[in-house]
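Have a look at the structure below before the remarks.
Read-outs: derived from the displayed coordinates by stated rules, not from any lab. Values in this document were obtained by computation on a predicted structure and should not be read as measured data. Positions of Cβ are generated from backbone atoms using ideal geometry, with glycine treated the same way; all protein chains shown enter the neighbour counts.
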């Protein structure tokens, strides 16, 4: 019996020692990596936790990586858990910066006093389709798209589609509509656009990260939806510009406000953003009405949107606040050069100026970090 | 807390009672109580608290309304409940006969060599991550379904409401088949063990009375193992009801209630996984949590029902065996 007790006790101690030992093992690791200055550097290392939208995640993680090379003492940590999760976390102040594809609604904005919107990049959504023997560049208008996604236009050779596309032989086949099944910023931009161009869409369906789709199949994620469109003949769906370019899926040219059919590219999306600048509010105001879909401009691609970083105007920690402001300042200036590589649209200079004003508002006990 | 006075007042017995055995009993008992029951209660509490907003807004209507509109904040869970039940039921209908066949073959018919090769392979199937099965489902099986399985079903059985309408490859039936693959390893393994545990006397008695092998298996072996086999089916059903990734990839994610098995649908687990991260409104989030609550309740209910059936089986027919 005694032996058993001893054995049991030893086992318990081993387990406890194992638990206690784990963190100790981790600590020496940085010393190896940073050699001489290690003890001091380790103490001063600042980690700034952020969370939110997955759409800008590739760009944000590139920024974190590049910024860490310039400023090794600052580690930007971003969890791409979705806009909703990001907004919840910054509301509870478990993160000090958040990403959101949609601007805060008036309700959300009123619950987050002192929140600032900083548009950090621009995304475009393209309409992808799979019609055998029809390549990229099918011409579509917003009204036609809305009718297709409302289930009112059901055949590819419908007169309304054919009218824009003389010379393209469109088949007498049912259109199979595909949409995102997961809540997503891409869906927000697309439904925002359909709401802007179709009254029926706005009143029946509306805009949101998920909506009550009148027709169609749901695919999870950009890859899931692109997979559906690629596999199902005669289908139509929508994906991010970067995704469409990478997967070489045929996509449509969309009729803009001036009546031109525009190919989605970085340039045509940037034009759309620049055209919308005069309508933008200040960083501390509510952005709930902001939308750059169907923007004016001869070459503006109409299905585009800002994606936002959210931070508080009043920072509770001086050191972290300063590090955050320096990072944000770098993002809207030097950081923009990484956008095009990853097929995100760099901010037009007007928006950069607007962001400068916003970032200057961030303060610790009334003292701005900039200037 | 009661055992402290017990220890203090009976020092004589103290030495005897602190045996490793008793400590172990206490330790495991505590874990069982705290761990299992405590966890279930905590989950239930969180789910109920989280869904209060939605329960207040929609009441019982949440269970029978079929609109799911995040933009206008109108939520009803019926299409998801329907989808979960139909896809799980299909999985059972397709998966259980196959699993039983595998189990009977491995336990009764296969030579020990064949058994040694096939058994680990089937058990290995259980270790495939569901996302991999989902990918196979969407890229391999769904197109196969659309081009080779759906057309004959529509042609020959199209007069039935179950096979009406166009087939996209993503459907209740596709989800059911994929789920069936996922439950086969667990159902067949547990059933095989149950069949192996049947005493040889049963088989010998049947064979001695002139039964063929088939008769011996159906008359003497399977009835003897039925309670355990039923338990295996319930394990499988539990997995099918809760499965998320693989289902959401092949079911088409369209919340609707239709008789056609070739039409796309949606399930409770899938809608939570799909929409939770971007659910920004309070009521929207609450509605999703209430879907979780219903899923929890249905899983519990199915288990309880299964238990009840097993007990009844054992009580009524167990005496004969």
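At R0 = 45 Å, how high is the FRET efficiency between residue B:197 and residue B:74 if r is their beta carbon distance? Nearest 0.05 is fine.
Once rounded, the FRET efficiency stands at 0.30.
Average 1/r across all pairs of distinct alpha carbons in segment A:208-302, invert it, and you get the Kirkwood radius: 15.3 Å. Taking every DSSP helix (H) stretch of at least 4 residues in the protein assembly as shown, weighting each as -39,500 (n - 2.57) and dividing the sum by the residue count yields a mean residue ellipticity at 222 nm of -16500 deg cm²/dmol.
Report the FRET efficiency, 1/(1 + (r/R0)^6), for residue A:173 and residue B:18, where r is their Cβ-Cβ distance and R0 is 51 Å, rounded to 0.05. Using R0 = 51 Å, I get an efficiency of 0.05. Seen from a random direction on average, the alpha-carbon convex hull of segment A:96-138 projects onto 5.2 square nanometres. In a fully extended conformation the segment linking residue B:257 and residue B:140 would gain 39.5 nm over its present Cα-Cα distance, using 0.36 nm per residue. Shielding value for A:178-191 is 4, the average number of Cβ atoms from other chains within 10 Å of each residue's Cβ.
Among A:117, B:148, A:333, the order by Cβ neighbours within 10 angstrom, fewest to most, reads B:148, A:333, A:117. Taking only the Cα atoms of segment B:185-321, the radius of gyration and Dmax are 21.1, 70 Å.
A straight line joining the Cα centroids of segment B:109-186 and segment A:231-296 runs 40 Å. Global dimensions of segment A:234-371 from alpha-carbon coordinates: Rg and Dmax equal 17.5, 59 Å.
Counting every Cα pair in segment A:312-365, what percent are over 14 Å apart?
That tail contains 56 percent of the Cα-Cα pairs.
So for chain A: antiparallel DSSP bridges make up what percent, rounded to the nearest 5? If I count the DSSP bridges inside chain A, around 60 percent turn out antiparallel.
In percent, what relative contact order does segment A:125-273 have, based on Cα pairs under 8 Å that are 6 or more apart in sequence? List each step's numbers first, then the result.
Details: 265 pairs, mean separation 55.8, N = 149.
Answer for segment A:125-273 is 37 percent.
Neighbouring Cβ atoms from other chains, within 10 Å of the Cβ of residues in A:205-211, number 6 on average. Using only the Cα atoms, work out Rg/Rh for chain A, with Rh taken as the Kirkwood radius, to two decimals. Rg divided by Rh gives 1.09.
With a ≥ b ≥ c the root eigenvalues of the C-alpha gyration tensor of segment A:125-273, is it rounded (a/c under 1.5), prolate (a/b larger than b/c) or oblate? Rounded is the answer for segment A:125-273, as its axis ratio a/c remains below 1.5. In this simple spin-label approximation, residue B:28 and residue B:65 carry label points 7 Å from Cα along the Cα→Cβ vector, and these lie 5.0 nm apart. Cα convex hull, segment A:217-272: 99 Å³ per residue, rounded to a whole number. Convex hull of alpha carbon positions in the protein assembly as shown: directionally averaged projected area 42.5 nm².
Put simply, when A:343-352, B:208-217 are sorted by average Cβ atoms within 10 angstrom per residue, most first, you get A:343-352, B:208-217.
Using a 10 Å cut-off around each Cβ of peptide B:141-153, what is the average number of partner chain Cβ atoms that fall inside?
1
Simple spin-label estimate for residue A:111 and residue A:45 gives 3.5 nm between the two label positions (7 Å along the Cα-to-Cβ direction from each Cα). Segment B:199-220 and segment B:229-295 have Cα centres spaced 44 Å apart. Which of rounded, prolate, oblate describes segment A:251-312, given a ≥ b ≥ c as roots of the alpha-carbon gyration tensor eigenvalues and a/c under 1.5 marking rounded, otherwise prolate only if a/b is larger than b/c? Since a/c reaches 1.5 and a/b is larger than b/c, the shape of segment A:251-312 is classed as prolate. Across chain B, Cα-Cα pairs more than 24 Å apart make up 65 percent of the total. What is the Cα centroid distance between segment A:101-168 and segment A:307-371, reported in whole angstrom? Rounded to whole Å, the Cα centres lie 30 Å apart. Relative contact order of segment A:154-242: 33 percent, from C-alpha pairs under 8 Å at least 6 residues apart in sequence. With a simple spin-label model that places each label point 7 Å from the Cα along the Cα-to-Cβ direction, the separation between residue B:121 and residue A:314 comes to 6.9 nm.
Using the Cβ-Cβ distance between residue A:66 and residue A:263 with R0 set to 30 Å, the FRET efficiency from 1/(1 + (r/R0)^6) comes to roughly 0.50.
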